[in-house]
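Please read the structure below before turning to the comments.
The values are calculated or read from the model by the stated rules, or taken from the named source; none is laboratory data. Treat the numbers as computed from the prediction; the structure is a model and nothing was measured. A quick note on method: Cβ atoms are made from the backbone with ideal geometry, for glycine too, and the neighbour counts reach across all protein chains shown.
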Amino acid sequence: MLNNVSVMGRLTADPELRHTTNNISVTSFTVAVPRSFVRAGEERQTDFIDAVAWRNSAEFICRYFKKGQMIALTGAIQTRMYTDRDGKNRKAVEIVVANAFFTESRAPASADAKAPYAPDPAVYDDASFSAGAADDFIVIADDDDLPF
């Protein structure tokens, strides 16, 4: 049997960390996932998929993800029956998260954010860089004397 699912979408709300009576971390959240197929003349449909994460995955998601952020999840589909407040039997279908992944680069927090790495010009002289090459690459002399 196989029960694997992968989805990528945006969080519809900030995930909130809760704990069970046994102090196990858990969070439930919904991911908005646009459908890939769009019929001519119609707007793109979006599915709202419920997910639950436990333990370290729950803590990771609550710490690093916020409403509107893109998230990728892998896990398994789980169904469960429950009785709502009105006494009606209901069925819940959700992803039980095994892994969560970042899908977007992080924007700098402020204008004072640290710039990308650049080598110290006092350490490398101008001859060690070729014109037009990225500053973090050093040109190595090509003397065709390979050790193998």
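Residue under question is T46, and the condition is that it be more than 30 Å from T20 (Cα to Cα) and modelled with pLDDT of 95 or more; does it hold? So that I can check it myself, show each step before the final result.
Details: more than 30 Å from T20 (Cα to Cα): yes; modelled with pLDDT of 95 or more: yes.
The answer is yes for T46.
For A76, indicate whether it is part of a strand (DSSP E or B), in contact (Cβ under 8 Å) with a residue 40 or more places away in the chain and either in contact with a helix residue (DSSP H, G or I) (Cβ under 6 Å, 6 or more places away or on another chain) or exposed (fewer than 10 other Cβ atoms within 10 Å of the Cβ) (or both).
no
Any residue at all in region 36-46 that is part of a loop (DSSP other than H, G, I, E, B) and surrounded by 16 or more Cβ atoms within 10 Å (Cβ to Cβ)?
No, that holds for no residue.
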